[in-house]
Amino acid sequence: MRDHVAIITGGGGALGEAMALEFAREGAALVIGDIDETAAVRVAQRVSAAGGKAIPVVADVTDPEQVKGMVDAGVRAFGRIDILVNNAGTTGKKDHRKKTILEMEKSEWERVLAVNLTSVFNCSKCVLPLMIGEKHGHILNISSVAAKVGGLINGVHYVAAKAGMIGITKALAREYARENIRVNALCLGRIETPANLSVPQEFQEKLTAQIPLGRLGTPREVAVAAAFMTSDASRISPEQPST
């Protein structure tokens with residue numbers, strides 16, 4: 001990932017921070033995009049303190065104009081965009097409780113779809129012209145196993161959004177493969193984030209018991225997988241000799 005530039009949306013959260021630090025270890029410069037300025041600045045400072053390069057950018061990924069501002073800031077700072085990680089998201093849950101569709105307001109549906117799915121459209125549409133111009137790029141969408149199993153603990157709005165992320169991943173991969181742009185998705189299980197760890201202990205134990213490993217995944221595990229998938233290490237060229 002040396003000399004590559006990556007945008008990570010939701011970069012101020014636990015997963016965004018882990019990915020930013022891992023990408024920086026691999027040599028990438030980072031644009032830390034987040035709606036929370038304090039969180040974005042904190043992560044950018046951690047990357048810089050570790051010897052990496054990062055800028056914080058405040059952006060609401062549901063707003064195309066703010067997305068454009070984030071991408072433009074990255075180009076001004078580093079000259080290019082090679083990687084986009086669509087990580088920004090929300091569960092839409094309140095008090096750790098799943099809402100059924102009958103309890104859900106239309107405004108809640110629209111908000112979760114906007115943050116989790118429309119944001120992928122906004123950000124991808126903004127970076128793709130740059131990647132096409134370079135004939136090189138990687139887009140990684142952070143989805144969820146909820147899209148596969150129907151959401152045991154997540155509402156229908158979250159499940160629909162994450163399933164939509166898988167669909168847009170496949171569609172973009174087909175559209176831009178010939179431009180040397182790869183598009184992938186990571187479907188995450190339950191990860192050790194502050195939000196996931198703040199649930200009642202009894203609830204946490206019940207969820208953990210359903211996981212074959214008997215534990216939650218870690219942000220670092222996600223970050224290592226994301227770094228590999230968006231790096232040239234995962235790209236095998238036909239001209240590359242096998243070893």
request  = Please work out which residue is modelled with the lowest pLDDT, limiting yourself to the range 143-164 and to residues that are farther than 13 Å from residue 187 by Cα, of a type in the set (A, V, I, L, M, F, W, C) and in a helix (DSSP H, G or I).
outcome  = 156
query = When you go through 148, 162 one by one, which is the residue that is over 14 Å from residue 120 (Cβ atoms), of a type in the set (Lys, Arg), in contact with a Cys (Cβ under 9 Å, 6 or more places away or on another chain) and surrounded by 12 or more Cβ atoms within 10 Å (Cβ to Cβ)?
reply = 148
task = Identify, from the list 67, 85, 75, the residue that is assigned to a strand (DSSP E or B) and among the β-branched types (Val, Ile, Thr).
result = 85
request  = Identify all residues within the range 43-58 that are in a helix (DSSP H, G or I) and surrounded by 23 or more Cβ atoms within 10 Å (Cβ to Cβ); write none if there are none.
outcome  = 43, 44, 47
query = Hey, does the range 92-99 have a residue that's within 25 Å of residue 169 (Cβ to Cβ) and modelled with pLDDT of 95 or more?
reply = no
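Conditions tested, residue by residue: (1) closer than 27 Å to residue 140 by Cβ; (2) surrounded by fewer than 18 Cβ atoms within 10 Å (Cβ to Cβ); (3) in contact with a Cys (Cβ under 9 Å, 6 or more places away or on another chain).
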{"position": "75", "(1), (2), (3)": "yes, yes, no"}
{"position": "79", "(1), (2), (3)": "yes, yes, no"}
{"position": "83", "(1), (2), (3)": "yes, no, no"}
{"position": "88", "(1), (2), (3)": "yes, no, yes"}
{"position": "92", "(1), (2), (3)": "yes, no, no"}
{"position": "101", "(1), (2), (3)": "no, yes, no"}
{"position": "110", "(1), (2), (3)": "yes, yes, no"}
{"position": "124", "(1), (2), (3)": "yes, no, no"}
query = Out of the range 110-142, which residues are over 13 Å from the mean Cα position of the chain (by Cα) and part of a strand (DSSP E or B)?
reply = 137
query = Going by the conditions given, is residue 61 under 20 Å from residue 140 (Cβ atoms), outside any loop (DSSP other than H, G, I, E, B) and modelled with pLDDT of 95 or more?
reply = no
request  = Tell me which residues, restricted to the range 1-35, are of a type in the set (Asp, Glu), farther than 16 Å from residue 86 by Cα and either in contact with a strand residue (DSSP E or B) (Cβ under 9 Å, 6 or more places away or on another chain) or part of a strand (DSSP E or B) (or both).
outcome  = 3
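The values are calculated or read from the model by the stated rules, or taken from the named source; none is laboratory data. As the structure is a computational prediction, the values presented were derived from the model and not from experiment. When we count neighbours, we look across all protein chains shown, and the Cβ atoms used for this are built from the backbone with ideal geometry, even at glycine.
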